[in-house]
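**Q** Attaching a single structure in C-alpha cells format; questions to follow.
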Amino acid sequence: MRQFKFLSIACVLLALICCNPQKKQAVQQNRPPAGAATVATPHDSLTVDLLALKDRGAFQKTVAVRVVADPVFMATKSFRAVPLRAFLEKYTSVENMDVAQTQLIFECGDGYNPSMPLKKIYARNAYLAVADMAAPKGQDWVNAVKDGHQKTIEPFYVVYTDVPPSDYSFKWPYNLVRMKLVSVSEETRAIFPHDDDTMVEGYGLFRTNCSTCHALNAVGGVMGPELNYPKNVTEYWKSNDDLKAFIKNPTSYRRGCTMPAQSQLTDAAIDQILKYLTYMKNHKKS
C-alpha cells in the first residue's frame, strides 16, 4: 500500500512537470524555472565574468563613492559602486586562496590587462564602479579624454577613494569586463628571472609600468604587441638608445601612436627595463 501511494505521488508530480513546458525545460537543464532564480554565488570560481553577472542583476545594490583627482577623468568624480573586496568574497572562491600569494588580473575590452597583488588591493578602499553619477539620464557612463584620446569607460571601472593618482603602482582599469584570481607563481613563472637576481629590479619595473599593455611569453596585456615571442623587441630595434627614446616619447617615432609617454620613468629605470628585456630574449616560451 505504501509503495503504491509513493508511486501515485510521483506520477502526479511528473504530470505537473510535463504539463508545464517551462518547468520541464528547467528540470532538464538542472536549473530553476524563469522568475524563480536569484543571482547565484559561484564560490568555486576564480574568474568573474562581469557582464554575465550584470545580466543576472548582480549590481542592483550600490553605494555612492567620491574620488578626488580621478587619474582617468582628471577631475573629482562620483560613482555608483560596490566594494571590491566584498564583491570578490561573494562571487569567487577567494577565501580558499592565500591573499599574500594571489594576484588579481583585470581583463579589459580594449586589451589592457593589468594585475595587482590582492593584498595591496585589500589594504585600500577599492571599489568596482558600475556607473558615473554625472552621466546623462538613461546612460550609465560618459567617456573620458586622456592624452588626447577618447576612452570608453563602460561597463566597469576600478577606483579607489584613498589612493593618490601619483602612485603608479595602483591600477585603475576601465572598460573592465572580467577579473581573474591567480597564484603569484602561476602568473609569474614564465617571466620571472629565476636564474639572475640582477634582473629582478627590471622585472619589477616592467610589471608595474609595461605589462598592463604588453605581454612577455603571453603573460600580460594585449593592447600593445607581445615583446618576447617569437622575437624579442631588443632583437629588431636598431639600438637600445632608439628604443629608450621611443619609450620616453612614442609619438616622436610613430604618428598617431596611442602608447602614452612614460614620463614617470627615469632614465635609470628605463635602462633596467631594457636590461631585463634583453635577458628575456634567451628565455622565450610559446
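**Q** What single numbered condition from (1) without any contact (Cβ under 8 Å) to a residue 40 or more places away in the chain; (2) more than 22 Å from HIS149 (Cα to Cα); (3) in a loop (DSSP other than H, G, I, E, B); (4) not aliphatic (A, V, I, L, M) fails to hold for LYS244?
**A** Status for LYS244: all satisfied but (3).
**Q** Right, here's the next one. Taking the condition exposed (fewer than 14 other Cβ atoms within 10 Å of the Cβ) and closer than 19 Å to ALA58 by Cβ, does GLU107 pass?
**A** Here the answer is no, as GLU107 does not meet what is asked.
**Q** Run down VAL48, VAL65 and say which single residue is assigned to a strand (DSSP E or B), buried (at least 16 other Cβ atoms within 10 Å of the Cβ), more than 17 Å from the chain's Cα centre (by Cα) and among the hydrophobic types (A, V, I, L, M, F, W, C).
**A** Among VAL48, VAL65, only VAL65 is assigned to a strand (DSSP E or B), buried (at least 16 other Cβ atoms within 10 Å of the Cβ), more than 17 Å from the chain's Cα centre (by Cα) and among the hydrophobic types (A, V, I, L, M, F, W, C).
Matching residues to (1) of a type in the set (A, V, I, L, M); (2) in contact (Cβ under 8 Å) with a residue 40 or more places away in the chain; (3) touching a Ser or Thr at 6+ places or on another chain (Cβ under 6 Å):
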position	(1), (2), (3)
CYS210	no, yes, no
CYS213	no, yes, no
ASN217	no, yes, no
PRO225	no, no, no
PRO230	no, yes, no
THR234	no, yes, yes
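**Q** Taking the options ALA129, ALA100, name whichever one is modelled with pLDDT of 95 or more, more than 26 Å from THR251 (Cα to Cα) and small (Gly, Ala, Ser).
**A** Every option except ALA129 fails the conditions.
One line per residue, one yes/no per condition, for (1) in contact with a Leu (Cβ under 7 Å, 6 or more places away or on another chain); (2) within 19 Å of CYS108 (Cβ to Cβ):
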position: GLY148; (1), (2): no, no
position: VAL158; (1), (2): yes, yes
position: ASP167; (1), (2): no, no
position: TRP172; (1), (2): no, yes
position: VAL177; (1), (2): yes, yes
position: THR208; (1), (2): no, yes
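**Q** A further question follows. Residue by residue through the stretch 166-190, note down the ones that are out of contact with any helix residue (DSSP H, G or I) (no Cβ under 8 Å at 6 or more places or on another chain), surrounded by fewer than 16 Cβ atoms within 10 Å (Cβ to Cβ) and of a type outside the set (Asp, Glu).
**A** Within the stretch 166-190, SER166, ARG189 qualify.
**Q** Separate question: Taking only pairs six or more apart or across chains, which ones have beta-carbon atoms under 8 Å, a first residue in the stretch 133-150 that is under 17 Å from ASP70 (Cα atoms), and a second residue that is among the acidic types (Asp, Glu) and surrounded by 14 or more Cβ atoms within 10 Å (Cβ to Cβ)?
**A** From the stretch 133-150, the pairs are TRP141/ASP132; TRP141/GLU154; VAL142/ASP132.
**Q** On to the next question. From (1) modelled with pLDDT of 95 or more; (2) farther than 23 Å from GLN150 by Cβ, pick out the condition that doesn't hold for GLU201.
**A** (1)
**Q** When the residues of the stretch 239-272 are narrowed to those that are polar (S, T, N, Q) and surrounded by 15 or more Cβ atoms within 10 Å (Cβ to Cβ), which ends up nearest to TYR203 (Cα to Cα)?
**A** Among them, the one singled out is GLN272.
**Q** LEU274 - would you say it is of a type outside the set (Phe, Trp, Tyr), outside the structural domain of LYS180 (by TED's automatic domain parsing), within 16 Å of ALA190 (Cα to Cα) and modelled with pLDDT of 95 or more?
**A** In short, no.
**Q** Within the stretch 70-103, how many residues are in contact (Cβ under 8 Å) with a residue 24 or more places away in the chain and under 18 Å from ALA58 (Cβ atoms)?
**A** The total comes to 14.
**Q** Taking the stretch 163-190, which residues are outside any loop (DSSP other than H, G, I, E, B) and within 14 Å of the chain's Cα centre (by Cα)?
**A** LEU176, VAL177, ARG178, MET179, LYS180, LEU181, VAL182, GLU187
**Q** Still on this structure: VAL159: of a type in the set (A, V, I, L, M), touching a residue at least 60 places away in the same chain (Cβ under 8 Å) and over 17 Å from ILE273 (Cβ atoms), yes or no?
**A** In short, yes.
**Q** Condition first: surrounded by 19 or more Cβ atoms within 10 Å (Cβ to Cβ) and not in a helix (DSSP H, G or I). Now tell me which residues in the stretch 191-221 satisfy that.
**A** The answer is ILE191, CYS210, SER211, THR212, CYS213, HIS214, ALA215, LEU216, VAL219, GLY220, GLY221.
**Q** With the checklist (1) at pLDDT 95 or above; (2) within 14 Å of TRP172 (Cα to Cα) in hand, flag the one item GLU89 doesn't pass.
**A** (2)
The values are calculated or read from the model by the stated rules, or taken from the named source; none is laboratory data. Quick caveat: nothing in here was measured; it's all calculated off a predicted structure. All Cβ positions, glycine included, derive from the backbone under ideal geometry; neighbour counts span all protein chains shown.
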